[in-house]
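The values are calculated or read from the model by the stated rules, or taken from the named source; none is laboratory data. From a predicted model like this one, the values you see are computed outputs, not experimental measurements. Positions of Cβ are generated from backbone atoms using ideal geometry, with glycine treated the same way; all protein chains shown enter the neighbour counts. Side chains are part of the model used for accessible areas, which takes the heavy atoms of the whole protein and leaves out ligands, DNA and RNA. Shrake-Rupley method; radii C 1.70, N 1.55, O 1.52, S 1.80 Å.
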Amino acid sequence: MAGITRRQFVLGGAAAAGAVVASRGYSLIVPTQVASKGLSQSEEPSAGHPWAFVCDTTRCIGCGRCVAACKAENRVPPEPHTTRTWVERYVITQRGEVFVDSPEAGINGFSGPANVKYEGLEVKKTFFVPKLCNQCENPPCVRVCPVAATYMTREGVVLVDQEACVGCRYCIQACPYGARYMVPPHAEVTPTGQTGVADKCTWCYHRITKGLAPACVEACPVGARMFGDLRDPSDTVAKVLKEQRVYVLKGELGTRPKAYYIGLEEGVR
Amino acid sequence: MTHFIRAAALLGMLVLAFLLFRSPPSTNLLARSGFFQVNNQAANEVKWASLPVGLLQPSTCQDCHQQEYRAWEKSAHQSVSCVSCHGPAREHVEDGARLAVDQSREFCELCHAQQVSRPSKFPQIDPDSHGGQTTCVTCHDPRAPKFGPRVPHSLDGRYPCEGCHIPGVKEPLEIPDSHAGRPSETCTQCHQAK
Amino acid sequence: MSGFAYPNEMETQWSLLIVLYPFITGLVAGAFMVSALYHVFGITRFRPIARFSLVAALAFLLVAPLPLLLHLGRPERALEMFLRPNFTSAMSGFGFIWSAYTLLVVVEIWLVFRRDIVGYAQTSHGPKKLLYSMLALGVFDVSEQTLHTDEKVAKVLAFIGIPSASLLHGYVGFIFGAVKANPWWSTPLMPLIFLLSAIVSGMALLLVMYVLVCRVRRVAADRECVSSLAKWLTGFLVIDLTLESLEVLFMLYESEESWDIISQLITQKLHYTFLGLQLGLGSLVPLFLLVSSGLARLRQRWGTALAFLASSLVLIGVFSMRWNVVIGGQMFSKSLRGFLTYNPPLMGREGVLVAAALMVLPLVLFATLVYFIPPWRQAGVTKEA
């Protein structure tokens, strides 16, 4: 980016070093930071966080098109255990047992042998739950990053600077939702060309900043995934959040997710 | 006490070295050689935002495929974006790469195979009994999926008859038991094809 | 895998090397505490190992960053920890805390050994003389008055060193204890548990090393010192065991949503390493051995042997504790619905062989250090001290 100005350190001599630390200690310790205008800053300051995501579990059919679309759109490494989004199937029996599965992260749907698994159970209730990064308002992953490689944009999207990430994986441990993974060291398909670094769903930052819906939303055949701008009162998501009772995952942890769920059941986590 | 002064001087030099190490000439060098990245979130935001869009919207497809678009927007599949079946179309638009669409039964079954976890109102078929093992598109037009072919229908790509019309199976059209064992060649002697 | 886990959880992110890291820093913190007990609190019975423990602390301290470095996905960017730290992350403190602490230990060792260094500089020849002269910074003043000042400064440094050592290890506990996503880690007791187990492991390590080194040198281990060390070890072990039990007891009693999976973790997945090694063989058995040898007025040989055995068991127990925290915390899904497995590979950057090498390295460093500055000798004159 043009116009980057580095903070300049003014150093005294060896004798003055102690005084320098004392008087400028703070500025020497805070991260080397650059002040310049990003995408979000170039717009007028927005009130709060304008984007939100809604997953409707009463509509999801578990086809896995979202997972496939995400892998293609974002060059996510093809293995099932490196995924930015996935679909879970919940099966709750009359006896109150809860079974959950997500074969291959749901990319190939739920038909086939896995379907046989629950035969013979007295099913009381069963449904699909799409999962992705919740873009928490209070993100634990951002807090724990030792080098400030993962950060939140002004619009509230959490991104990873993969050119800075050291690959310590503290953020993966800190995410309560399992939304983060490490790009395998020898991966051929990578989101940004960087391997050995943390990656996660960006809500398709390159799409939403252009006014497009995230790839998974575009690919969902039944409208189970919705994305919208809360500043626009005519927006579907704004309406859903106004008119329907919605729930967030693991709300008790205080992460304040911005992905909301319709039709969530106790025990979904 | 000289040793304390010397030690302090050494310590001072160490601190100075550390400060120099953190100063721009050194960090610039480190950044150029890939050991360090300046904390520049704004620039990184722009990087993420400028990744290529792969999955296109139906409005883009409409530019060329108007007939298909008109059929699709009136059909039961109107909620299904073009790219959901045809795949991301960026390369197709940019350099005319062919878009291969999966026409297998398995692909349609991803959505339409009967499953207890699916909302009951969603159209689902029993893959074992519905339409034999013929591909779904033999009878269903993906851009007008709700109805099978108008009868009488052509035999193009639909031969032999018992691929779909299986004795004892209700859908798509049950054959009376008396017809059991009759080979396809004999069907058109009585039933007219288009 | 059994049950359900989020797809991204299939990979165990923090491997064997991350088990080693808190184990090694724990040994450092513990070893330093022993030297501080002598230098600051005047526990004179620790005199024979006061200098010994400082050198041991340094040897392990120098190795501490290596497992972390090897574990990073991008090791070449490690220096970013200094250049662009994010202070809301406990982990970002590592570089600064480690550097400051290393500096402190080096200066402390320099002050405590200065008289010897000057002595060697005056009596040796050739490159060795040059080395010692450089270490002495060219100042050969070892008058009573100067040494007295040295001693005072060393005492102050040791005093500062106690909170520093606590910080060095307490923050490691914080790294785990502050992860609210993980119910097996998330407890404010974690930093304390790490600290106490660090002290325990450091004392046990010193006892083991001291006895072994005396054996190699064919001298008798100081009886008072060993029995005193064993007593302190017993005390800290009791507190440590109490804290570790309290943690689980609270989880059991409160029986939150996560207890279901954690009780299974303890009884089905960690039953050998937690119940067997950490609590049983690594805590209760050595406690029994230490207490009974203290009560039973054994002959010196037997007393030392029992203390040695108990300390070795404690080391195994503390290592198991690190394993149970780091790996155990990743053996169940954050969905609380399933278990994952981790078997460290033999080869590779994060394999067993590398880990073994990292455990041997501090001993090699220790041997090198004592070659140049033997803690048991003074200024060229061989003397038990």
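Listing for the model above:
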{"read-out": "Label-to-label distance, nm, for residues given as C:VAL216 and C:ALA296 (7 Å Cα→Cβ offset)", "value": "3.0 nm"}
{"read-out": "Filter on A:LYS210/A:LYS242; A:LYS124/A:LYS239; A:LYS124/B:LYS74; A:LYS210/B:LYS146; A:LYS258/B:LYS47 - keep pairs with C-alpha separation over 28 Å", "value": "A:LYS124/A:LYS239; A:LYS124/B:LYS74; A:LYS210/B:LYS146"}
{"read-out": "Positive-end residue, the range C:8-372 charge dipole about Cα centroid, Cβ charges, pick of C:GLN122, C:LEU72, C:ASN343", "value": "C:GLN122"}
{"read-out": "Net +/- balance of residues flanking C:SER124 in space, Cβ distance below 14 Å, scoring K and R +1, D and E -1", "value": "+2"}
{"read-out": "Per residue solvent-accessible surface (Å²) - the protein assembly as shown, probe of 1.4 Å", "value": "46 Å²"}
{"read-out": "Check: the protein assembly as shown dipole with +1 on Lys, Arg Cβ and -1 on Asp, Glu Cβ, in debye", "value": "2720 debye"}
{"read-out": "Two-site FRET efficiency, C:LYS180 against C:ILE239, from Cβ-Cβ distance with R₀ of 22 Å, rounded to 0.05", "value": "0.25"}
{"read-out": "List B:HIS86, B:HIS3, ordered by accessible area with a 1.4 Å probe, largest first", "value": "B:HIS86, B:HIS3"}
{"read-out": "Separation of the C:LEU69 and B:VAL116 label points, Cα + 7 Å toward Cβ, nm", "value": "5.7 nm"}
{"read-out": "Mean Cα-pair separation over length for the range C:8-372, i.e. relative contact order, pairs under 8 Å, 6 or more apart, %", "value": "25 percent"}
{"read-out": "Mean Kyte hydropathy of 1.6 or more with a Cα span along the axis of at least 20 Å, helices from DSSP in chain C", "value": "C:16-39, C:47-63, C:189-216, C:352-372"}
{"read-out": "Dipole-positive endmost among C:SER227, A:ILE107, A:THR83 within the protein assembly as shown (Cβ charges, Cα centre)", "value": "C:SER227"}
{"read-out": "When the convex hull of its Cα atoms is projected in every direction, mean area for the protein assembly as shown (nm²)", "value": "45.4 nm²"}
{"read-out": "Buried solvent-accessible surface, both chains (C, A), 1.4 Å probe, Å² to nearest 100", "value": "3900 Å²"}
{"read-out": "Expected-Rg normalisation [2.2 N^0.38 Å, Cα atoms] applied to the range C:8-372", "value": "1.04"}
{"read-out": "10 Å Cβ neighbours from other chains, averaged over peptide B:118-131", "value": "2"}
{"read-out": "Given charges at beta-carbon only (K, R positive; D, E negative), |dipole| of the range C:1-160 in Debye", "value": "360 debye"}
{"read-out": "Distance in nm between pseudo-label sites at B:GLN133 and C:MET359 (7 Å out along the Cβ direction from Cα)", "value": "5.7 nm"}
{"read-out": "Listed residues C:LEU189, C:ALA50, A:CYS171: farthest to the positive end of the dipole of the protein assembly as shown (Cβ charges)", "value": "C:ALA50"}
{"read-out": "Relative packing of peptides C:205-217, C:128-140 - highest average C-beta neighbours within 10 Å first", "value": "C:205-217, C:128-140"}
{"read-out": "At least 27 Å along the helix axis (C-alpha) and Kyte average at least -1.0, DSSP helices within chain B", "value": "B:2-21"}
{"read-out": "About the Cα centre, charge dipole magnitude for the range A:70-134 (Lys/Arg +1, Asp/Glu -1 at Cβ), debye", "value": "180 debye"}
{"read-out": "At R0 = 41 Å, FRET efficiency that the Cβ-Cβ distance of B:ALA76 and A:VAL123 yields, to 0.05", "value": "0.90"}
{"read-out": "Normalised contact order of chain B, rounded percent, pairs of Cα under 8 Å and 6 or more residues apart", "value": "14 percent"}
